[in-house]
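Before any comments, here is the structure.
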Amino acid sequence: MTNYIVFVVVVCFRIGVFISVAGLSAVAVATELDVNADHETQLEHILVTAQRRVQNAQDVPLSVATLSGEKLEALFSSGDDIQALTTKIPGLYIESSNGRIAPRFYIRGLGNTDFDLAASQPVSVIMDEVVMENVVLKSFPLFDTEQIEVLRGPQGSLFGRNTTAGIVKITSVKPEQNFSAYTRMSAGSLGALDLEAAAGGGLTESLSGRISLLSQQRSDYIDNAFTKEPDFTGGHKEKAGRLQLRYESTDFQTLLNIHSRDLDGSSSVFRANVLTKGSNQLNENYQRDRVWHDSGDGNFRLYKGFGASLAFEFMLPEMSLIMISALEKADGRGKSDVDGGYRIDANFDGVPEQMGPGFIPFSAVTEDQLNNLKQITQEIRLASDTDKAVQWQIGAFYFDSSFGVTSIDGFYGATSVYHSNQSWALFGQTSYELTEAWTLSGGIRYTFDEKSFWVGEQNVGGAALAVGAARIQQYDPIFQDDGQWSWDFSSNYQFTNKVSGFARLAKGFRAPSIQGRNVAFERDPTTAESETIHSAEVGIKSDLLDDSLRLNAALFYYLIDDMQLSAIGGASNSNTLLNADKGTGYGFEVDLTWHATKSLVIAGGFSYNHTTLKDDDLLVGTCAACTLTSPYVNLPGAGSQKFAYVDGHSFPQAPETILTLNARYGIPLRSGELYFYGDIAVQGKTKLFLYQSEEFNSSGNYEAGLRIGYLNFAGHYEAALFGRNITDEHNLKGAIDFNNLAGFVNEPRVIGVEFKKSFF
């Protein structure tokens, strides 16, 4: 308790000093810049719902970034999945070893590297006001999207547990009475063909609807040099749709959202020994369009999902009542050649007749199945609806989820485990305008969370039983629960009508976790206790140069107690949950948009994240073949396995820096506009695992995109040439460390054409 009080006092003192200095500096800068302002174009106000009510983003007392419109369309022009957002917003990073399924999100360096379908993440994805908790639900494709908001830092009072890092909030285009529609088609290299269409408008005076459809495909383009099979893997086919119906009257409105997806895709492609011992550079074993796989059935991913939500809003005297009920379901399976190479031992004597590329200690193939995922959520909120100085909202939330995961290993066979999670919460938030310039806000939430886990069939059909290697052990069900308070307190001060400063303190928590993947390999399931985070941030938001330059910046610090970690892989090939004593992070973000001239718009941002694990005694298993730079020990009974101390290390998959820039230049024509749009994102130093090694890290990864288009205003159509990853960078995104020096990389270059026609 004493440490906590000291923490709060120190943070409050630093916030006061920073706000005073930064506020005066911002005012001075604004005055200097405005004197020289001579621009014809002004920035538009961006509306966000970061605090569960519509607000100008410049008035929200937290660090929030948005993507919408042309920028968003450019990022997804080649048919990429949600991972296309990675490094496009400062502080946001996304990666996956499961292809277009089960993305892993990181904000301000905080995330979870667990690849399993039951993984818990500290970043929540909220899609159309519904939390997508399971990693498969987080991968729902983006189409007909109005806006994406990234809320940095814990959001525990309004959005609940498991938001210790932040939130990615996705909002689809909603039905309106006015008719609008569009159809978009793009075709590109690697057989890419993407079709997207939406139409909506009034059905009656009170009822409106909108239907949105998506079809994406890319051909398999990676040959299998081992089996001599051309076009073996790498492609995908995805179809998705959304139907929305909206009813509005003077005192009541409701919105029905029904959506589904069907994916036939590929996993991230694992490639054996593409790193050379002592180096993190891709070597001669790596070829973009070729692998040497002896199993995995093409690394397929077959998933289907369905969901529906029904939202009601009742307009009461000076307040509104909102109720949101939602159901999400998903099933699927996927298979991968995990070692990324081939090893043929025809005599079963441990001496391979063939293997490669490089040394393959043993064959590793895994199939994972998600069985009967069902998530039910219910939220009810009562919110003020006035222009008074005091604004408030109170509510309750209920969450229920259950699913099974079956892991099929080539040696041990099939093992099924089952997860169940129930949670409920009560919350409230209020804001008070002390003066026209100064607003205080505060929120509090109590959440109770309960998880259960049990094991079904074990090691069915595996070769291990035949050789007597398996120790079939029956496990008792595991139960974990916890109830905690989350809160936040913020202050927003308007220095001028163009410059404001904010300060925010927040506490969030991530509920206990259970991971049973080790059971499939005849080891015990593992658990992790709740983690809690205390966060402080201060920032400046400004619209300068006669509203032609928007410059926002935030400085943050956070302290995590009992930080949940996943020790993935290592020579023992485990997936183990554990708690570190503490984790800390500090850094800053800068976001800017500048209408430099009437024709030129420049935007982008930069983030710096410094993260540190703090636990003197924490040991994790390490790689089978890499060059360790962490201090390590050999434990009794563990053979040659090395265990590394990770105290003082940075978090895994936490880029130290992210730089993103984009620019658009338009040339007016008689009937429309010719435009040029380019973007680039650069990822700083990133460590792939909990331990440190010479091989498993990256630095300086970057990707660039380019778009040249013609907009016809009278005909409401657009034609464009586009390229994503136009320089065809080969960036190491992740690795497999328990077998050989295997890795997987980013998506290849795609160049194509696009046509979009809008109707009004």
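The values are calculated or read from the model by the stated rules, or taken from the named source; none is laboratory data. Quantities reported herein were computed from a predicted structural model and do not represent experimental measurements. Glycine gets a Cβ as well: all are built from the backbone with ideal geometry, and neighbour counts include every protein chain shown. Quick note on the areas: whole protein, heavy atoms, side chains included, nothing else; ligands and nucleic acids left out. Shrake-Rupley method; radii C 1.70, N 1.55, O 1.52, S 1.80 Å.
What the table below lists for this structure:
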item: Cα centroid separation - region 507-551 against region 307-383, whole Å; result: 20
item: P(r) weight above 19 Å for region 602-760, C-alpha pairs, percent; result: 67
item: Helix axis angle, 2-35 relative to the chain longest principal axis, alpha carbon, degrees; result: 50
item: Surface per residue (accessible, 1.4 Å probe) for region 107-147, Å²; result: 15
item: Apportionment of accessible area to carbon and sulfur, region 506-612, percent (1.4 Å); result: 60
item: Straight-distance crosslink candidates among lysines, where the alpha carbon sits under 22 Å from residue 498 and sequence neighbours closer than 8 are dropped; result: 541, 598
item: Karplus-derived HN-Hα couplings along region 683-692 (A = 6.51, B = -1.76, C = 1.60, θ = phi - 60°), whole Hz, x at Gly and Pro; result: 9, x, 4, 9, 9, 8, 10, 5, 8, 10
item: Phi-based couplings in Hz for region 209-225 (Karplus 6.51, -1.76, 1.60; Gly and Pro marked x); result: x, 8, 10, 10, 10, 9, 9, 10, 7, 9, 6, 4, 10, 9, 7, 9, 5
item: Under-5 Å amide H pairs with residue 737, H placed in peptide plane, nonlocal only; result: 570
item: Peptide ranges 416-428, 131-143 listed from the most packed, as the mean C-beta count within 10 angstrom indicates; result: 131-143, 416-428
item: For peptides 230-239, 548-557, sequence by mean Cβ density within 10 Å, most packed first; result: 548-557, 230-239
item: Euclidean distance between Cα centres, region 256-305 to region 652-666, Å; result: 25
item: Simple label model, 7 Å out from Cα along Cβ direction - residue 59 to residue 264, nm; result: 5.1
item: Kirkwood Rh and Cα Rg combined as Rg/Rh, region 446-574; result: 1.26
item: Entries in 88/239; 687/756; 582/685 that, when Cα-Cα distance is taken, lie over 31 Å; result: 687/756
item: Pair residue 670, residue 396: separation of 7 Å Cα→Cβ label points (nm); result: 6.7
item: Label of the coordinate-derived value, P(r) over Cα pairs in 10 Å bins from 0, in percent, listed as (i) 2, 13, 22, 23, 18, 11, 7, 3, 1, 0, 0; (ii) 2, 12, 19, 18, 14, 12, 9, 7, 4, 2, 1, 0, 0; (iii) 3, 13, 24, 27, 20, 9, 3, 1, 0; result: (iii)
item: Karplus 3J(HN,Hα) series, Hz, for region 388-394 with 6.51 cos²θ - 1.76 cosθ + 1.60 (x for Gly, Pro); result: 6, 5, 9, 10, 8, 7, 10
item: Sorted peptide list for 319-331, 149-161, criterion being average Cβ within 10 angstrom, highest first; result: 149-161, 319-331
item: Local electrostatic count, residue 715, Cβ distance below 13 Å [Lys/Arg +1, Asp/Glu -1]; result: +1
item: Sum of side-chain charges, residue 741 neighbourhood, beta-carbon under 9 Å (Lys, Arg +1; Asp, Glu -1); result: -1
